[in-house]
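All remarks here apply to the structure that follows.
The values are calculated or read from the model by the stated rules, or taken from the named source; none is laboratory data. These numbers come from a predicted model, not from an experiment. Positions of Cβ are backbone-derived with ideal geometry, glycine not excepted, and every protein chain shown enters the neighbour counts. Accessible surface areas use protein heavy atoms only, side chains included; no ligands, DNA or RNA. Shrake-Rupley method; radii C 1.70, N 1.55, O 1.52, S 1.80 Å.
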Amino acid sequence: MTQSDYAATGGASLIWPEINSHFLSLRGIPEHLQADTPIRATYRRLLVGFDAITSCELKDLYKFTLCLQQLKPKEADSPELRLLVAAFRAWVSFDYPRARHLFRQHIDAYPSDIVALFFTHMFDFCTGQTPELIPDLERCDSHIGEDHPLYSYYLSIKAFVTVEAGHPAQALKLGLESLRHRADNIYGIHAVAHALHEQGCWKELCIFLEQRKEQWIDNPGMRMHVYWHLAIGYEKSQQTEQSVHTFHDMYALKDSRFAKQDLDAVAFLWRYRLNHPDDSRFDDIWQQLAFLWSGSIGASMSHFHRLHAALAFAASGQPVLIEKLIAESDGFGLDPQTHQTGLTVLKGILHFAEGRVEDSLLTLQAAQPHWSVLGGSRAQRELLPLTLLACQRRQAGLEANHAPA
């Protein structure tokens, strides 16, 4: 590929090349990068706003809606941005099929626009359909070569999508190749961690992340999540105390007490609780997490986030908060299947918290065929089969206790 080829197919990525790696490395847009043209000013506003929309919180969604509404027609009408702005407007209007169609139209027109690919990828991730990007990537492959300045990021996106499609060995190769081109590509490190997780390579996962720590420990957007992978790796390697120590290191990285960075904390501690039901050392943290997650009731549109809130309420002995979470979940802005699956899962967690093991088991099993629509990654959604397994074990124990002598 030549630079002229990329000029014809690069789309939004060519508006301001210097800003792209900051965005794709998940470090945010530095203040010193200020736009010197109107189209760059629009591009910068979209990148900053996009960081907010993926939180799935109504307040952030509304902020990005205002950003889009304030764009003047000529600001949104450049060929490189027209379809992307239209896709964002469909997204914030909860017209998800139209948003996905518009993203695909843009990628078809600009198949080497890696920033747009990332937009689309994160849309798919938030709506529980990460593997949906595979046919788009197949079309882009012939337009993106090793000489592309964002090639490492392209490979890391492809690696994560591949692992979520159920091909971890292939994803591992892609992730490692992305790091060969750029060692500090946090999304490449993240993809490799997921690939090793899916293959159960726990020792290799811990070694990989420890050896690469300098490349991810200072990344504000991903370091807590990467730490979560490391803690899980140690826990699965039967290095319990090391996993606990790693968790504390991870949790100490929160930006502030009230920063909304508690998803990975819940995800680790719930696994730990199921494996070590008699260990009470985290009881105080569970109470704190439940208090912090109570603010998401009625504020988050994500059933994946609601699941983590419900687990915090269950672990802290406050099932009434799960009832309130269910009562506030009216399906606004959600696909009907996603909403029904989310409600069913929340009810299953409520029954679990109330000690109604058989009801929890049956309810979670009813939603099991549709768990993926809740969003998150395969590794993150393991909380559900692990909870289901805990129900089965408790149910078996209850039946054994009531069996005739």
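Among the protein heavy atoms of segment 311-357, carbon and sulfur supply 52% of the accessible surface, probe 1.4 Å, non-protein parts ignored. Between the residues A165, I349, Q395, the greatest Cα displacement towards the positive end of the dipole of the chain, with unit charges on the Cβ of Lys, Arg, Asp and Glu, is found for I349.
Counting only alpha carbon atoms, the long axis of helix 202-211 and the longest principal axis of the chain meet at about 50°. With both labels modelled 7 Å from their Cα along Cα-to-Cβ, the D36 to Q287 distance reads 5.7 nm.
Could you give the length gained by full extension between Q70 and D330, i.e. 0.36 nm per residue of separation minus their alpha carbon distance, to one decimal place? Kindly include the intermediate steps, with their values, before the conclusion.
Details: separation 260, 0.36 × 260 = 93.60 nm, distance 2.93 nm.
Going from the current span to full extension adds 90.7 nm.
Of the residues H225, L311, Q199, the one whose Cα sits farthest toward the positive end of the charge dipole of the chain, with +1 on the Cβ of Lys and Arg and -1 on the Cβ of Asp and Glu, is L311. Other residues lying with their Cβ under 15 Å from the Cβ of H351 contribute a combined charge of -1, Lys and Arg counting +1, Asp and Glu -1.
Summarise the accessible area of segment 199-281 (1.4 Å probe, protein heavy atoms) by the percent that is carbon and sulfur.
Details: 1810 of 4030 Å².
The value for segment 199-281 is 45 percent carbon and sulfur by accessible area.
In the context of the full protein assembly, C140 retains an accessible surface of approximately 0 Å², using a probe radius of 1.4 Å and ignoring ligands and nucleic acids. How much accessible area does T344 have with a 1.4 Å probe, in Å² rounded to the nearest 10? Taking all protein chains as shown, T344 has close to 30 Å².
Structure remark: mean-square fluctuation, Gaussian network model of the chain, C-alpha springs under 10 Å; the largest value among W228, W202, W16 belongs to W16.
For segment 84-148, what class follows from the C-alpha gyration tensor (a ≥ b ≥ c being the square roots of its eigenvalues): rounded when a/c is under 1.5, otherwise prolate if a/b is larger than b/c, else oblate? Verdict is prolate for segment 84-148.
Between beta-carbons, use under 14 Å as the cut-off and find the net charge around G200, counting Lys and Arg +1, Asp and Glu -1. Walk me through the intermediate numbers first.
Numbers: positive: K203, K236, R378; negative: E198, E204, E235, E382.
Within the 14 Å Cβ shell, the charges total -1.
Per-residue Karplus couplings for segment 375-392, computed as 6.51 cos²θ - 1.76 cosθ + 1.60 with θ equal to phi - 60°, are listed in order as x, x, 9, 4, 5, 5, 6, 4, 4, 6, x, 5, 5, 4, 5, 4, 4, 4 Hz, Gly and Pro entered as x.
Any idea of the accessible area per residue across the chain, 1.4 Å probe, to the nearest Å²? Don't skip to the end; give the middle numbers.
On the way: 17450 Å² over 405 residues.
Roughly 43 Å² per residue, with all protein chains present.
Taking GluC sites (Glu not before Pro) in DSSP loop conformation with at most 13 other Cβ atoms inside 10 Å as exposed sites, the chain has its longest uninterrupted site-free stretch at 147-405. Each Lys and Arg adds +1 at its Cβ and each Asp and Glu adds -1 at its Cβ; summed about the Cα centre, the chain shows a dipole of about 380 debye. Add +1 for every Lys or Arg and -1 for every Asp or Glu among the other residues with Cβ under 13 Å from the Cβ of S377, and state the total. Summing Lys and Arg as +1 and Asp and Glu as -1 gives -3. Note on surface exposure: H370, H167, H106 rank H167, H370, H106 by accessible area, highest first, 1.4 Å probe.
Ligands, DNA and RNA left out, the 1.4 Å accessible surface of segment 105-177 is 54% carbon and sulfur atoms.
Exposure check, 1.4 Å probe, all protein chains in place: D262 carries approximately 10 Å² of accessible surface. Centre-to-centre, using Cα atoms only, segment 183-213 and segment 16-40 are separated by 28 Å.
Placing unit charges on the Cβ atoms of the charged side chains and taking the dipole of the chain about its Cα centre, the candidate lying farthest along the positive direction among Q69, L289, Q368 is Q69. Any idea what angle helix 263-275 forms with the longest principal axis of the chain, computed on alpha-carbon atoms, 0 to 90 degrees, nearest 10? Orientation of helix 263-275: about 30 degrees from the principal axis. When the label point is put 7 Å from the Cα of S78 along its Cα-to-beta-carbon vector, which residues of segment 97-139 have a backbone N closer than 16 Å? 110, 113-116, by backbone N distance to the label point. DSSP loop (so not H, G, I, E, B), at most 11 other Cβ within 10 Å: list which trypsin sites (Lys or Arg not before Pro) in segment 217-262 pass both filters. Listed in order of number, the matching sites are R257.
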